Amino acid sequence: MKLPIVAIIGRPNVGKSTIVNRLAGDNSAIVHDEPGITRDRTYREAFWQAHDYLVVDTGGLVFDDDTEFLPLIREQALTALAEASAAVLVVDGQAGLTTGDETLASWLRTQTVPVLLAVNKCESETQGLIQASEFWTLGLGEPYPVSGIHGNGMGELLEELVTYLPAVEEMPETPEIKVAIIGRPNVGKSSLLNALTGENRAIVSPISGTTRDAIDTVVERDDKTYRLIDTAGIRKKKNVDYGPEFFGINRAFKAIRRSDVVLLVIDAIDGATEQDQKLAGRIAEEGRACAIVVNKWDAVEKDSYTIYDYARELKEKLYFIDWAETIFVSALTGQRIEKILELVDGAAFQHQRRVTTAVINEVLQEALNWHTPPTTRQGRQGKIYYGTQVSTSPPTIALFVNDPVRFNENYRRYIERQFREQLGFTGTPLRLLWRGKKVREVESSHSNRATRV
């Protein structure tokens, strides 16, 4: 289904992200009392009555200043307007009419997209009408007094807005693979997103912390749909102050949780750092499929052995996810970029893969033949009766044994290694549940008691 797009435009700190959260019905956009929080354009699904659409949050527009990110933010806003069916100019009713609002309105009148005017921060209905009245001079039609925080006046604005939205184009639904792009600041995550999409989807800058919000982008390749999620760079917790970066990192962790596959981006120059190890542990803990993307490979001096030595060292440092495949790329030159989605496909397939109980027990029997379970000092040996897969995403296998305590960590790793060698599961964590006989007896007792009651 191809949804019409509504672009939210305005000066910095007028409450655009609060309006977007109100329209989308959640609090996904970062809202903080500081200008310039939103930089890239972010898309969110929204609806009003029978109308579904995408709402696009954009960075605060300033035309008389070309410092830092402002020219790039303007470029992002222009792109949003070019694809929008309608736009909403958000102004600050408490601050009143400014020259910045007048400049923006003058510029919007030259655009072909229809524009509605939302006067935000009008919490009082009676006072709001007075606050909104001075914005008639912008020449954009009726100014709607609204409150993004409380929702006042949003219904009237939306009633007018949906009249400009075209009918939704029905398209066959295809399951999408959610891919989170994760890494430390400045490893090239946004450059990677732009290379995968073939457009300047996210602002790229050498300044650390450029990306603050999680940016969702839908890409279609060979009848497959991918939702790529660019995230804020994740620094050590002790170096992060409460504010925009704190919220951005929380969004990044949520992106890991809601993804099917995580692309862990490593800077080829720096190699795997302590922070990368922590991120690898987080990915494994969340049970997400993963591929390791070593970016800036073009900047590394190499010989015929470099890639093998580098890959071996990477596996040793990122042992939490030694099951993940590694690819060496350059977002700058495009080297091997087209291969990344192939790794995503493979990891996503293995993450959702289910193996029959018969096959699991064949592998298990062969493993037991090669290496019997350990025996305790008292001469008691561990016994594995059978195994079965109980869930996917990640694949989880329950092993029914006489006593889980009798299986030390080395033997447990041996069994997992046998499953991986025989069944694959490349690119996904594999969880083994060791269930003892006593646990099953207790469960059975509870079940019988519940039946009698």
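Taking the conditions exactly as written (modelled with pLDDT under 95 and more than 30 Å from ARG353 (Cα to Cα)), does GLY281 satisfy them or not? Can you show your working first?
On the way: modelled with pLDDT under 95: yes; more than 30 Å from ARG353 (Cα to Cα): no.
Criteria not met by GLY281.
The lone criterion from (1) loosely packed, with under 15 Cβ neighbours inside 10 Å; (2) modelled with pLDDT under 85 left unmet by GLU274 is number (2).
Just the residues that are acidic (Asp, Glu) and outside any helix (DSSP H, G or I), please, taken from segment 333-354. Steps first, answer last, please.
Taking segment 333-354 first, the residues acidic (Asp, Glu) are 338, 342, 345.
Those that are acidic (Asp, Glu) and outside any helix (DSSP H, G or I): none in segment 333-354.
Restricting the first member to segment 417-428 and to residues that are not assigned by TED's automatic domain parsing to the domain that holds PHE320, and the second to residues that are basic (Lys, Arg) and in a helix (DSSP H, G or I), the beta-carbon pairs closer than 9 Å and six or more apart or on different chains are THR426/ARG420. Specify the residue that is modelled with the highest pLDDT; the eligible residues are those in segment 229-248 that are touching a helix residue (DSSP H, G or I) at 6+ places or on another chain (Cβ under 6 Å) and crowded, with 18+ Cβ neighbours inside 10 Å. Per the criteria, the residue is ILE229. Test ASP66 against the criterion of being within 18 Å of LEU158 (Cα to Cα), among the charged types (D, E, K, R) and modelled with pLDDT under 85, and give yes or no. So ASP66 does not fit the description; no. Scanning segment 114-150 for residues that are assigned to a loop (DSSP other than H, G, I, E, B), modelled with pLDDT under 90 and surrounded by fewer than 22 Cβ atoms within 10 Å (Cβ to Cβ) yields GLU123, SER124, ILE149, HIS150. The residues listed here are ASP403, ASP345; of these, the one that is out of contact with any helix residue (DSSP H, G or I) (no Cβ under 6 Å at 6 or more places or on another chain), farther than 30 Å from ASP309 by Cβ, surrounded by 15 or more Cβ atoms within 10 Å (Cβ to Cβ) and of a type in the set (Asp, Glu) is ASP403. Looking only at segment 299-322, count every residue that is surrounded by 15 or more Cβ atoms within 10 Å (Cβ to Cβ) and either over 25 Å from PHE425 (Cα atoms) or in contact with a Gly (Cβ under 7 Å, 6 or more places away or on another chain) (or both) and tell me the total. Looking only at that region, the number is 2. Here is a check on your reading of the model: is GLU338 outside the structural domain of ARG431 (by TED's automatic domain parsing), more than 28 Å from LYS224 (Cβ to Cβ) and either at pLDDT below 95 or crowded, with 18+ Cβ neighbours inside 10 Å (or both)? Criteria not met by GLU338.
Among the residues of segment 249-267, is there at least one that is of a type in the set (Gly, Ala, Ser), in contact with a Ser or Thr (Cβ under 9 Å, 6 or more places away or on another chain) and either surrounded by fewer than 17 Cβ atoms within 10 Å (Cβ to Cβ) or free of Cβ contacts under 8 Å to residues at least 40 places away in the same chain (or both)? Quick ask: steps written out before the conclusion?
We begin by selecting, within segment 249-267, every residue of a type in the set (Gly, Ala, Ser); these are 252, 255, 259.
Next, only the ones that are in contact with a Ser or Thr (Cβ under 9 Å, 6 or more places away or on another chain) stay: 252, 255.
Then drop every residue that is not either surrounded by fewer than 17 Cβ atoms within 10 Å (Cβ to Cβ) or free of Cβ contacts under 8 Å to residues at least 40 places away in the same chain (or both), which leaves none.
There is no residue in segment 249-267 that is of a type in the set (Gly, Ala, Ser), in contact with a Ser or Thr (Cβ under 9 Å, 6 or more places away or on another chain) and either surrounded by fewer than 17 Cβ atoms within 10 Å (Cβ to Cβ) or free of Cβ contacts under 8 Å to residues at least 40 places away in the same chain (or both).
Say we look at segment 116-146 and pick out the residues that are without any contact (Cβ under 8 Å) to a residue 40 or more places away in the chain and of a type in the set (A, V, I, L, M); which of these is nearest to VAL88 (Cα to Cα)? Taking the candidates together, the pick is LEU117. Taking the numbered list (1) at pLDDT below 90; (2) surrounded by 24 or more Cβ atoms within 10 Å (Cβ to Cβ) in turn, THR79 passes all entries but (2).
Just to be sure I understand, how many residues within segment 74-125 are in contact with a strand residue (DSSP E or B) (Cβ under 7 Å, 6 or more places away or on another chain) and within 18 Å of THR58 (Cα to Cα)? Give the derivation first.
Looking only at segment 74-125, we keep the residues that are in contact with a strand residue (DSSP E or B) (Cβ under 7 Å, 6 or more places away or on another chain), and these are 77, 80-81, 83-93, 101, 104-105, 108, 113-122.
Now restrict to residues that are within 18 Å of THR58 (Cα to Cα): 77, 80-81, 83-92, 101, 104-105, 108, 113-120.
Matching residues across segment 74-125 total 25.
Could you tell me how many of the residues in segment 336-369 are farther than 23 Å from VAL219 by Cβ and touching a Gly at 6+ places or on another chain (Cβ under 7 Å)? Selection size over segment 336-369: 3.
The values are calculated or read from the model by the stated rules, or taken from the named source; none is laboratory data. The structure presented is a predicted model; accordingly, all values stated were derived computationally and were not measured. Note: ideal-geometry Cβ built from the backbone for every residue, glycine included; neighbour counts use all protein chains shown.
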